[in-house]
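Please read the structure below before turning to the comments.
The values are calculated or read from the model by the stated rules, or taken from the named source; none is laboratory data. If you're wondering where the values come from, they're calculated on a predicted model, not measured in any experiment. FYI the Cβ positions are ideal-geometry reconstructions off the backbone, even for glycines, and counts take in every protein chain you see. Just the protein is used for accessible areas: all its heavy atoms, side chains included, with ligands, DNA and RNA removed. Shrake-Rupley method; radii C 1.70, N 1.55, O 1.52, S 1.80 Å.
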Amino acid sequence: MKPYTVAVRALCEFTAKQGDLDLRFTPAPSAQEGIEGHALVASRRPAHYQAELALSGQYQDLLVRGRADGFDAQLGRLEEVKTFKGKIERIPENHRLLHWAQLKVYGAMLCRAQGLAEVELALVYFNIGSQQETLLCERHAAADLQVFFETLCGRFLAWAQQELAHRGQRDEALSALAFPHGDFRPGQRDLSTAVYRAAQTGRCLMAQAPTGIGKTVGTIFPLLKACPGQQLDKVFFLTAKSAGRGLALEALHLLKKSVGKLPLRALELVARDKACEHPDKACHGESCPLAQGFYDRLGAARAAAVTVSTDGLLDRGALREVALAHSVCPYYLSQELVRWSDVVVGDYNYYFDVSALLHGLTQANQWRVAVLVDEAHNLVERGRKMYTAELDQASLRAARLAAPPALKKALDRLHRQWNELNKAQLSPYQVLDGLPLKFVASLQLLNSALADYQAEHPTEVNAALQVFYFEALHFTRMAELFGPHSLCDVSKADTGLARAGSVLCLRNVLPAPFLGPRFTAARTTILFSATLQPMAYFADILGLPADTAWVDVAAPFEADQLQVSVAAHISTRYQQRQASLPAIVELMARQFQAQPGNYLAFFSSHDYLQEAAALFESLHGQISISKQTRRMTEQEQQAFLSRLTPDSLGIAFVVLGGSFGEAVDLPGKRLIGAFIATLGLPQVNPVNEQIKLRLDQLMGGGAGYNYTYLYPGLQKVVQAAGRVIRTVSDQGVLHLMDDRFGRREVQALLPRWWQVAPGGRS
Ligand code: SF4
């Protein structure tokens with residue numbers, strides 16, 4: 001049998017980590033600082049120093065491997081470098097123990113590999129701020145290190161054997177897994193085949209597939225089938241919204257149920273604020289009882305959790321039960337369980353964000369993973385958001401008010417730099433030529449001062465300061481990664497007051513340089529949605545590899561199920577909005593009278609919606625209407641939709657691109673038509689105009705307009721219209737209310753199965 005491979009760090013974390021979970025607001029070096037710190041230490045060593053020494057060792061079925069930071073053969077000294085900020089005494093005891101454990105394991109493997117009788121072990125603590133090294137040295141005999149190594153391996157071995165057995169059973173069961181519905185729905189087989197092929201060839205796949213064909217099962221099933229052959233360690237099912245997570249869990253439940261018992265561990269990841277049991281406490285042992293002694297109880301919780309998940313799914317509820325039964329934090333338990341799960345269901349940000357957990361673990365453990373991106377059209381905006389950083393001068397002001405005297409100098413310096421920027425700004429919104437370097441330098445100094453202060457006062461909680469610090473850290477990180485993919489812009493606060501200040505933004509326009517490497521880190525990534533047209537747009541913006549495959553699954557619907565008309569006599573352009581209202585209202589009333597039933601009417605804004613609804617009510621008060629309001633809660637949205645029943649009649653006025661424009665399922669008589677009184681184009685404003693300009697520069701060929709306005713707009717229209725026909729027996733009407741819907745380039749972006757009635761009055 002192939003040995004079970006484990007990284008040194010993972011072995012030590014599993015077997016030697018004890019005590020409290022401690023995620024106090026302690027300053028930690030960024031990944032970049034860590035890399036630079038290691039490089040600096042290595043550069044101070046003599047030429048014969050061997051940096052990044054690959055070592056491995058075997059114990060029964062266990063293969064342990066890793067890279068020691070450096071070995072000086074002349075001194076006989078093996079080094080492990082740890083970077084830190086603040087005072088060395090602040091490094092928690094359980095962290096130090098873990099560092100020693102790692103070094104001893106490396107020491108054992110080195111002695112064995114080089115036949116050494118003993119070795120000097122040096123733990124090198126490198127202070128990022130002062131750039132000074134503190135060496136803690138111990139001499140160890142090879143025999144003692146070997147005993148230590150075998151002890152840790154022994155503790156891990158039973159778990160490793162269980163993992164190997166699980167993997168064998170899992171792969172055997174997945175090889176035999178049959179499609180849970182007996183037969184595929186029309187189109188579903190094409191989708192599944194394309195997904196399976198992509199996994200086999202290790203490529204990315206963009207899959208455009210209409211609603212109603214069972215995309216979730218149609219993608220998870222073939223990937224699970226591909227796991228044994230492709231030796232996939234994990235499948236990550238990533239969603240933009242929590243509703244998508246629910247669908248994925250349902251599909252997994254269905255698959256498990258279809259075979260009685262499927263040895264597949266599936267885990268749901270939820271956000272910290274949703275999983276936290278003590279929102280009034282902080283994540284360390286002195287504050288939260290579920291953090292106290294967390295690592296001492298983690299082993300039992302972990303063992304219980306993997307047992308649960310052989311029978312059921314480790315969704316939020318099941319995970320909470322296990323966590324509370326063992327008095328550990330559910331959120332941090334779920335992070336630990338990623339390592340031992342076969343399928344992980346969570347938000348996009350767990351894989352695509354700047355320091356995403358799933359991506360980090362994939363890299364560190366060299367997992368072979370398959371990534372499913374549900375409703376992938378959302379990744380454009382979500383990706384941009386992840387790599388955008390914003391700093392508000394109002395936050396700095398609040399931090400200054402709340403700051404202790406020790407931080408005043410650094411805060412004032414940044415404040416002065418900020419005011420300099422404001423003075424140089426002539427218009428309310430301005431894109432800078434590049435990064436404001438003096439400002440960024442002041443921000444970095446402030447970050448260091450904040451980090452030092454926090455290290456000195458670990459128990460002090462200052463909310464305003466912390467909020468600003470986290471924003472400043474993200475801003476600094478994005479400043480380090482700044483490039484043509486982003487704009488650096490300043491927006492003056494719109495208050496008319498000179499001291500109101502401004503908002504500085506590193507605004508990502510093109511997430512491709514950040515997302516691209518995430519696609520290549522996976523064996524395969526499947527991006528699926530009902531609207532991924534045009535492919536080149538998504539491929540360019542998201543940074544998909546050149547060999548990405550594409551499948552456009554034909555809709556199972558017939559053209560005569562949906563009567564599509566263009567109201568070419570209406571213009572919804574901003575200047576013509578008032579003039580458009582009577583025609584819009586007249587058309588809606590005429591359609592309703594001809595065919596009473598439930599309709600959705602989409603508008604580009606709340607104001608437009610209100611104006612249209614007011615006129616409609618005044619002229620056709622006998623027809624029942626409902627209106628979406630600003631900032632509806634999830635319950636209010638549910639209540640709004642639940643009023644559309646098979647027996648109700650009326651028109652629901654909603655905003656395009658809002659909560660009712662996608663992921664809303666109203667089959668049969670619950671919805672028989674839609675009016676779309678907008679082309680969906682994002683507002684023309686200074687920010688969007690700059691995005692257009694930058695995309696023109698980056699993409700060439702005048703892509704800016706289409707990529708900024710037309711494609712995102714039409715994508716929303718098609719999503720909204722997709723609410724009408726949900727099943728092969730649905731019938732409905734769709735009125736596209738704007739003359740521009742008659743244009744050839746616009747119609748080319750509509751689904752192929754629609755038959756749009758020729759222009760003219762609809
Ligand atoms: S329960 Fe909440 S406060 Fe406690 S460790 Fe977990 S996330 Fe932190």
Leaving out ligands and nucleic acids, and using a 1.4 Å probe, what accessible area per residue does segment 1-149 come to in Å²? 48 Å²
Averaged per residue, the 1.4 Å probe accessible area of segment 210-249, protein heavy atoms only, in Å², is roughly 25 Å²
Solvent-accessible heavy-atom area per residue, rounded to whole Å², over segment 448-527 at 1.4 Å: 39 Å²
Starting from the Cα of Lys257, draw a straight line to each of the lysines and keep only those under 18 Å, dropping any in the same chain fewer than 8 residues away. Lys225
So which lysines can Lys241 reach, going by Cα to Cα under 22 Å and dropping same-chain residues fewer than 8 places off? Lys215, Lys274, Lys385, Lys716
May I ask for the distance between the Cα centers of segment 266-309 and segment 1-41, given as a whole number of Å? 19 Å
So what's the angle, to the nearest 10 degrees on a 0 to 90 scale, between helix 316-325 and the longest Cα principal axis of the chain? 30 degrees
By how many degrees, 0 to 90 and rounded to 10, does the Cα axis of helix 686-699 deviate from the longest principal axis of the chain? 70 degrees
Once the dipole of the chain is set up with Lys and Arg at +1 and Asp and Glu at -1 on Cβ about the Cα centre, which of Val338, Leu544, Ala325 lies farthest towards its positive end? Leu544
To the nearest 20 Debye, how big is the dipole of the chain about its Cα centre, given +1 on the beta carbon of each Lys and Arg and -1 on that of each Asp and Glu? 680 debye
Could you tell me which residue out of Ala194, Leu145, Phe184 lies farthest along the dipole of segment 72-227 toward its positive end? Charges go on the beta carbon: Lys and Arg +1, Asp and Glu -1, centred on the Cα centre. Phe184
In degrees, nearest ten, helix 188-201 long axis to first principal axis of the chain (Cα): 30 degrees
Using a 1.4 angstrom probe with every protein chain in place, what is the largest-first accessible-area order of Lys82, Lys409, Lys492? Lys409, Lys492, Lys82
Based on the Kirkwood radius over alpha-carbon pairs, what is the Stokes-Einstein translational diffusion coefficient of the chain at 25 °C with 0.890 mPa s viscosity, in µm²/s? 84 µm²/s
Just how large is the dipole of segment 528-667 about the Cα centre, in debye to the nearest 20, putting +1 at every Lys and Arg Cβ and -1 at every Asp and Glu Cβ? 540 debye
Please list, or write none, the aspartates and glutamates whose alpha carbon is within less than 13 Å of the alpha carbon of Lys281, excluding same-chain residues fewer than 8 places away. Asp22, Asp273
Can you give me the relative contact order of segment 651-762 as a percent, contacts being Cα pairs under 8 Å and 6 or more apart? 36 percent
Once ligands and nucleic acids are excluded and a 1.4 Å probe is used, how much of Tyr332 is accessible, expressed in Å² to the nearest 10? 40 Å²
About the Cα centre of segment 663-762, how large is the charge dipole given +1 on each Lys and Arg Cβ and -1 on each Asp and Glu Cβ? Please answer in debye to the nearest 20. 240 debye
Note down the relative contact order for segment 157-290 as a percent, whole number, built from C-alpha pairs under 8 angstrom at least six residues apart. 26 percent
Largest first and in whole Å, give the semi-axes of segment 598-686's equivalent ellipsoid, each being the square root of 5 times a Cα gyration tensor eigenvalue. 21, 17, 12
As a test of the formula, what do you get for the chain when each DSSP H run with n ≥ 4 contributes -39,500 (n - 2.57) and the sum is divided by the residue count, at 222 nm and rounded to the nearest 500 deg cm²/dmol? -14000 deg cm²/dmol
Given a 1.4 Å probe and every protein chain left where it sits, what share in percent of the accessible area of the chain is carbon and sulfur? 51 percent
With θ set to phi - 60°, apply the Karplus curve 6.51 cos²θ - 1.76 cosθ + 1.60 along segment 714-720 and write out the HN-Hα couplings as whole Hz, x wherever there is a Gly or Pro. 5, 4, 5, 4, 5, 4, 5
